[in-house]
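I have placed the structure first, in the form of structure tokens, so that the comments after it can refer back to it.
The values are calculated or read from the model by the stated rules, or taken from the named source; none is laboratory data. All values reported here derive from a predicted model rather than from experimental measurement. So basically every Cβ, Gly included, is an ideal-geometry build from the backbone, and we count neighbours across all protein chains shown. To get the accessible areas, we keep the full protein, side chains included, count just its heavy atoms, and leave off ligands, DNA and RNA. Shrake-Rupley method; radii C 1.70, N 1.55, O 1.52, S 1.80 Å.
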Amino acid sequence: MTATLAAPTKPGGAKTRINDFSIQVATVNGSGSQTANTVLLRAIFQMGVFVSGKNLFPSNIAGLPTWFTIRASAKGYVARKASNEMLILMNPETAKEDIAKADPGALVIYDEPLQLDKLRNDLSFTPVPFQKLVTASCPEPKLHKLVKNMIYVGVASRLLGIDMEEVKKAIAKQLKGKTKAVELNQNAVMAGYDWAMENLPDQDQVKVVRDNKTQGLIIVDGNEACALGALFAGVTVVGWYPITPASSLVETFIEYAEEYRKDPKTGKSTVAIVQMEDELASAGVVLSAGWAGARSMTSTAGPGVSLMSEFIGLGYYVEAPGVFFNVARTGPSTGLPTRTQQSDVELCAKCSHGDTQHINLYPGNMEECFQFSYDAFDLAERFQTPIFVVTDLDLGMQNWSSKPFAYPTKPYDRGKVLNQQQLAEIKDWGRYKDVDGDGICYRSLPGTPGGKGAYFTRGSGHNDYAQYSEKPEDYVAVVDRLKRKYETAKTHVPKPVFRNLGSDKGVLAFGSSDPAVIEAQDILAAAGLKTDYLRLRALPFTAEVDAFVKAKQVVYVVEQNRDGQLANIFRETYPEFATKFKSVLHYDGYAIDAKCIVDQITAFEQK
Amino acid sequence: MSTATPSAPNTPAAPTNKLGFTKQDYVGSKSTLCAGCGHDAITAQIINAAFESSIEGYRVTKYSGIGCSSKTPAYFMNQGWGFNSVHGRMPSIATGASLANRNLINIGVSGDGDSMSIGMGQFVHAVRRNIPMIYIIEDNGVYGLTKGQFSATADKGAHLKSGAVNDLPPIDPCTLAIELGCGFVARCFSGNPKQLNTILKAAFAYEGTVVLDVISPCVTFNNHDASTRSYKHVKDHDFPLHDLGFVQYSEVEDVEIPAGQTEVVTFPDGSKVAIKAIHEGYDPTDRFGAMKAIHESMAKGEFLTGLLYINPTQPPLPQVLNLVDEPLASLDETLLKPSPAVLDEIMQALM
């Protein structure tokens, strides 16, 4: 394989970028461009090349500008790359601005009537008569708008050297089973490809060359991965309310549940899914279902968490289990609903009024989205408390390649639940008595027969026996025990993962920042600055996190928000090391890229 | 009510119901509400109706929000589980638990403040979904626990003790519930225990959402002479629609319902409600007729009480969702967790 990767040299000395480039496609949303872009991405993936896609879409159904970037990387870097080697410009509204922002030397494929080639002289322009080609290839005029974008897939495939068989396969995969649509789109792609063969000279700036890096991998988005985790975790009650970018988590779950969550004997459903009237009601359903012994969940984004926060505090204080997915987007307020950010860190860590602390899980890739979603239900029932699984739009809605998910063999942990017989045997049961000293009490479920175990759950002050109490000692005993319970969680949540290059300089990040941090680490190391990287995967902090913070001379906390929210939690948790934490931030709504991390760490180092 | 104490010697044994429980088995903790509060009279009838209907206490779940009314689930049926949640959100708590375990007998107690203002959204949607629960609104027209502000059910022109006048029209939970498709809507007066008792027994036999608005005077903040929710005022303006009889499914064969003026509504479980009209021409199975009669009575400042609307055949939410018969909460891993072959199939599709 390596032999075929040998790069031809371009006149002028610049090497061909083989399997190492970014393409940005500018279209109008609602024009079917998502299908075209996914086909292009999938075709490169099928060529055995690591590839990632970022859909930068508007909060709108049709008619506004949207961009899609596809990055191919032989080295496996899948973070967004700030610079693009190829542009495909289909949107008249943004074309001029896209040209103005283009990186020098970029290849520009554009819709011929836009006449962009006079705007700059440092770009390689390729005008394409899209309308003419679509008219010739598609007999039905009303479908022209939808298949027009497929033409550029054909043109780009020709220029990049993508095997057309892979493109056809990708179309069939994307439009599974819809024979007419498959044929229509394949015709359009071929029209573009054939036209490019006849009319365009070969180029050697960027190329796709067949590799074997993606064999056996899947392409999936984080919302689907989380939905699958919940499916295998046996969720039985789902209360939800639509919100971007979290809706597809539950919607995908619904599709899988239709197929895999029917009782084989009766055909009846083993999960109740209810679209509630709002996020408050969703939270109520989750907590009360958990209280009654179901495995329950909801999926939302920041505005939803804000609305749920009163209930989250109730869940914390009455100790009711439930899994809360927060697929974070750009805040504050409505913010940028279709853009990504990690700006709900502090919100989810301490959601609700009064003293509250929550277990948070931070998956950083697709396998973890699946596994942590599975684990979250165990943690919720073990700790009898709301659990946040925090992802973001970048993880949740973008396409990622991943190893197939390993089957979760660990049996469900249903926690400390007393059945009828156990309740009968216990002399002095109290719902909130800390029998084991780990802060986790034994609960009973409503509907347990035998006349024992009934108790009154209340969000007001209560004692060990769940009785109403305003006594200071009773109040303090309960909230101190809750703190103890949170301490216990430190040995149950996922430990961090490390990528240590051997340094006393630490980099710390979580979630979707991971690919950009890895790439930045390599760039910095190549420039002589080695770092040790800890990827945080949960709150509360485990012993490994303590050790890292203590050992490092400096800790660069990389996160996608303005205020350095995670760094703030670190400063609060480790006040004696507060000055060690330096914030590396990215918060413009686009996914974080390696360059911004490199630039900021370099600037700190030069101080 | 018997005053006999179980410990006293030579007293006759307290009567038991079909399950062998005495009424004492249905009581809760001591009420901390004001002496004479209408809510306590409602609590007493919940206890009586549950005892008389031989309700299995361990299956009972009691939900509430925040307010005086929301304290009352602690005062009845200690055999059951209680969940005192947050203000106005009781319906979603009842929704989740009733889905988790469809064997539960769900009783929600709320007030006019808890349900008709902050909780209006959840009230409306719980009714629309027909979740299996008895939804009792203990309706006194004021916020008692915060010392007597008007609620959204207060009549226009009503006076507070302080003299303040309510400028806004009331929201009526009953016509609203009928509008939303509720299949069991009733209004009672806490001062008419017999009617309340019969309706509660019928409510226990009903499968979907029961909306029961009980006018329950607040003795501390809304029982003065100018109040339209005082004991005296409500007593003077209470117009019972009918004499009601309730026959539980298990007794149907033993009880003869007199023919003639009596209309009989049969529930899916076989229980029967016998309705003998007092108010001429009122048919509680006629949705639009019921709405018209209630609106006309309200315009006259009267309270029509009794079974306002009944439609016993509406499927409750667990049935609409086609849930398995066994409680979801007790399904185990063998049924819930798909096999490795399923995961493999899904992974193949994503390749």
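Computed quantities for the displayed model
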read-out	value
Residue that is nearest to the chain's Cα centre (by Cα) [pool: residues in region A:397-437 that are under 18 Å from A:Ala380 (Cβ atoms) and touching a residue at least 40 places away in the same chain (Cβ under 8 Å)]	A:Pro408
Failed item in (1) open to solvent by 20 Å² or more (accessible area, probe 1.4 Å); (2) at the interface with chain B (Cβ under 10 Å from one of its Cβ atoms); (3) not small (Gly, Ala, Ser), with A:Thr457 passing the rest	(1)
Scope region A:254-269; condition free of Cβ contacts under 8 Å to residues at least 24 places away in the same chain, within 8 Å of another protein chain (Cβ to nearest Cβ) and not small (Gly, Ala, Ser); matching residues	A:Asp263, A:Thr266, A:Lys268
Among residues of region A:491-501, those that are buried (at least 18 other Cβ atoms within 10 Å of the Cβ) and free of Cβ contacts under 8 Å to residues at least 60 places away in the same chain, counted	1
Helices (runs of 4 or more DSSP H) wholly inside region A:270-351 that include at least 2 residues being of a type outside the set (A, V, I, L, M, F, W, C), crowded, with 24+ Cβ neighbours inside 10 Å and facing another protein chain (nearest Cβ under 10 Å)	A:279-291
Pair list, Cβ under 6 Å, 6 or more apart: region B:330-351 residue within 7 Å of chain A (Cβ to nearest Cβ), other residue not hydroxyl-bearing (Ser, Thr, Tyr)	B:Leu336/A:Gly234; B:Lys337/A:Phe232; B:Lys337/A:Gly234; B:Met347/A:Ile218; B:Met347/A:Pro404; B:Leu350/A:Ile218; B:Leu350/A:Val220; B:Met351/A:Ile218
Hits in region A:418-449 (condition: farther than 26 Å from A:Lys490 by Cα, more than 7 Å from chain B (Cβ to nearest Cβ) and either assigned to a loop (DSSP other than H, G, I, E, B) or open to solvent by 20 Å² or more (accessible area, probe 1.4 Å) (or both))	A:Asn419, A:Gln420, A:Gln421, A:Gln422, A:Ala424, A:Glu425, A:Ile426, A:Lys427, A:Asp428, A:Trp429
One residue from A:Asp504, A:Asp546, A:Asp514, A:Asp532 being open to solvent by 60 Å² or more (accessible area, probe 1.4 Å) and acidic (Asp, Glu)	A:Asp504
Among residues of region B:39-64, those that are in contact with a strand residue (DSSP E or B) (Cβ under 7 Å, 6 or more places away or on another chain) and more than 10 Å from chain A (Cβ to nearest Cβ), counted	6
Criterion (among the aliphatic types (A, V, I, L, M), under 23 Å from A:Ala62 (Cα atoms) and open to solvent by less than 50 Å² (accessible area, probe 1.4 Å)) met by exactly one of A:Val155, A:Val147	A:Val147
Tally of residues being facing chain A (nearest Cβ under 7 Å) and part of a loop (DSSP other than H, G, I, E, B) across region B:312-324	3
Tabulated pairs, region B:73-89, first more than 7 Å from chain A (Cβ to nearest Cβ) and in a loop (DSSP other than H, G, I, E, B), second open to solvent by less than 10 Å² (accessible area, probe 1.4 Å) and β-branched (Val, Ile, Thr), C-beta under 6 angstrom, 6+ apart or interchain	B:Met77/B:Val60
Test: A:Lys452 is among the charged types (D, E, K, R), surrounded by 17 or more Cβ atoms within 10 Å (Cβ to Cβ) and either more than 14 Å from chain B (Cβ to nearest Cβ) or closer than 24 Å to B:Met90 by Cα (or both)	no
Residue count for region A:121-144, restricted to those that are open to solvent by 30 Å² or more (accessible area, probe 1.4 Å) and aliphatic (A, V, I, L, M)	2
Residue count for region A:59-118, restricted to those that are without any contact (Cβ under 8 Å) to a residue 40 or more places away in the chain, closer than 24 Å to A:Ala196 by Cβ and not small (Gly, Ala, Ser)	14
Residue check for A:Phe21: part of a strand (DSSP E or B), touching an Asp or Glu at 6+ places or on another chain (Cβ under 8 Å) and modelled with pLDDT of 90 or more	yes
Meets criteria (more than 17 Å from A:Asn91 (Cβ to Cβ), of a type in the set (S, T, N, Q) and in contact (Cβ under 8 Å) with a residue 12 or more places away in the chain) for A:Gln131	no
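Here is a yes/no grid of residues against (1) open to solvent by less than 10 Å² (accessible area, probe 1.4 Å); (2) farther than 26 Å from B:Ile105 by Cβ; (3) away from chain A (no Cβ under 14 Å):
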site: B:Gln122; (1), (2), (3): yes, no, no
site: B:Asp139; (1), (2), (3): yes, no, yes
site: B:Ala164; (1), (2), (3): no, yes, yes
site: B:Pro169; (1), (2), (3): no, yes, yes
site: B:Asn192; (1), (2), (3): no, no, yes
site: B:Phe204; (1), (2), (3): no, no, yes
site: B:Glu207; (1), (2), (3): no, no, yes
